[in-house]
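Reading through the structure tokens given below for one structure.
The values are calculated or read from the model by the stated rules, or taken from the named source; none is laboratory data. The model shown is predicted, which means the values in this text are computed figures rather than measured ones. Cβ atoms come from the backbone with ideal geometry, glycine included; neighbour counts cover every protein chain shown.
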Amino acid sequence: MINCVLSPSLLSANFVFLGHELGELEKAGVKWLHLDVMDGVFVPNITFGAPLIRSIRKACPLFFDVHLMIDRPDAYLEDFAAAGADLLTTHIEALTHPQRTLARIRELGIKAGISLNPGTGFERLKWLLPWVDLILIMGVNPGFSGQPFIAETVGKTRACRRFLTDEGYPDTPIEVDGGVSLLNIKTLIEAGADALVSGSAFFGSGDRALSYKKFNEIAEQARVNTDRGFERLKMWKRNQ
Ligand code: DX5
Ligand code: ZN
């Protein structure tokens, strides 16, 4: 039984052959594509922005999981929605009025995610839950692919899952991003993750189809009592 969505992070793909990479992911059966937008201010790295997403949107039917690691994201929500984001995730640490941001993203007709750095507690989300479509828990400090996984993320995911149940939002999906590999996906799914992002571990081997198969094989070994969060993700479709 599929109990988790794998969202490969484009940042670790080979940009010289971007079109080919997208085709390989699609052929492998991948459904989501994680797009890491960094501005050199919120995080110490610069990647790409809405123009690149707009270009690949024309050639790629995958569900675009756009992760904004930028300061003042409110100024760019329309741009990213128009560029083709299906899920737009902002960082709570970058927001002054998070409820306004989340509601605005939904108004744009796409899903609203909210992300937490490793040092940020999920309790901050308590009064925002009605406007949150997905919680993204960082397994590393954002900025770079290939960093080691912070082991405390497993306990944080488990506690966040319990928090969501206690608050009456048991089917809000949790995504974990950063340091995800074949070594920790089973534990993360069992802790309550419904979506997993992978950059370096997924793209490390040359064969995208093999990576996807291996991730899913291990994901399927996870024992889950509930797949409610995942059931919700399965209904999410690309915003045409
Ligand atoms: C980190 C990014 C991640 C990263 C994942 O700031 O948000 O999405 O690209 O890469 P790995 O899986 O290599 O940690
Ligand atoms: Zn990311």
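Only residues that are within 15 Å of ligand 1 (Cβ to nearest atom) and closer than 17 Å to residue 175 by Cβ were counted across the range 105-137, and they come to 11.
Residue 163 meets the stated requirement of being more than 24 Å from residue 23 (Cα to Cα), outside any loop (DSSP other than H, G, I, E, B), modelled with pLDDT of 95 or more and aromatic (Phe, Trp, Tyr).
Being acidic (Asp, Glu) and within 16 Å of ligand 2 (Cβ to nearest atom) is the filter; apply it to the range 24-42 and report the residue that is nearest to residue 236 (Cα to Cα). Give the steps one after another, and end with the answer.
Filtering the range 24-42 for residues acidic (Asp, Glu) gives 24, 26, 36, 39.
Okay, now just the ones that are also within 16 Å of ligand 2 (Cβ to nearest atom), so 36, 39.
Working: 36: 20, 39: 28 Å.
Result: 36.
Listed residues 181, 145; which is within 19 Å of residue 12 (Cβ to Cβ), among the polar types (S, T, N, Q) and within 14 Å of ligand 2 (Cβ to nearest atom)?
Details: 181 fails: within 14 Å of ligand 2 (Cβ to nearest atom).
Unique residue meeting the criteria: 145.
Checking the conditions here, which among 137, 92 is among the hydrophobic types (A, V, I, L, M, F, W, C) and closer than 21 Å to residue 234 by Cβ? Walk me through how you get there before you give the answer.
Values: 92 fails: closer than 21 Å to residue 234 by Cβ.
Every option except 137 fails the conditions.
Does residue 127 satisfy the condition of being among the aromatic types (Phe, Trp, Tyr), away from ligand 2 (no atom under 16 Å from the Cβ) and surrounded by fewer than 16 Cβ atoms within 10 Å (Cβ to Cβ)? Here the answer is yes, as residue 127 does meet what is asked.
If you take the residues in the range 43-69 that are among the hydrophobic types (A, V, I, L, M, F, W, C) and within 12 Å of ligand 2 (Cβ to nearest atom), which one is surrounded by the fewest Cβ atoms within 10 Å (Cβ to Cβ)? Break it down stepwise before answering.
Of all residues in the range 43-69, those among the hydrophobic types (A, V, I, L, M, F, W, C) come to 43, 46, 48, 50, 52-53, 56, 59-60, 62-64, 66, 68-69.
Right, trim to within 12 Å of ligand 2 (Cβ to nearest atom) and you get 43, 66, 68-69.
Details: 43: 21, 66: 23, 68: 24, 69: 25.
Only one residue tops the list, namely 43.
The rows are residues; the columns are (1) modelled with pLDDT of 95 or more; (2) touching a strand residue (DSSP E or B) at 6+ places or on another chain (Cβ under 6 Å); (3) over 17 Å from residue 196 (Cα atoms).
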| site | (1), (2), (3) |
| --- | --- |
| 6 | yes, yes, no |
| 27 | yes, no, yes |
| 32 | yes, yes, no |
| 42 | yes, yes, yes |
| 55 | yes, no, yes |
| 73 | yes, yes, yes |
| 83 | yes, no, yes |
| 86 | yes, yes, no |
| 94 | yes, no, yes |
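Scanning the range 166-185 for residues that are part of a loop (DSSP other than H, G, I, E, B), within 14 Å of ligand 1 (Cβ to nearest atom) and within 18 Å of residue 34 (Cα to Cα) yields 178, 179, 180, 181, 182. Among the residues of the range 162-203, the ones that are more than 23 Å from residue 223 (Cβ to Cβ), touching a residue at least 40 places away in the same chain (Cβ under 8 Å) and not hydrophobic (A, V, I, L, M, F, W, C) come to 4 in all.
For residue 77, the stated conditions do not hold, so it cannot be described as within 16 Å of ligand 2 (Cβ to nearest atom) and either of a type in the set (Asp, Glu) or modelled with pLDDT of 95 or more (or both).
Taking the range 195-206 as the range and being modelled with pLDDT of 95 or more and either away from ligand 1 (no atom under 15 Å from the Cβ) or in a helix (DSSP H, G or I) (or both) as the test, the residues that pass are 200, 201, 202, 203. For the range 4-23, the criterion of a residue being of a type in the set (Phe, Trp, Tyr), outside any loop (DSSP other than H, G, I, E, B), more than 15 Å from ligand 2 (Cβ to nearest atom) and on the phi < 0 side of the Ramachandran plot is satisfied by at least one position. Set side by side, the residues 154, 140 differ, and just one is touching a Ser or Thr at 6+ places or on another chain (Cβ under 8 Å), within 16 Å of ligand 1 (Cβ to nearest atom) and without any contact (Cβ under 8 Å) to a residue 40 or more places away in the chain, which is 154.
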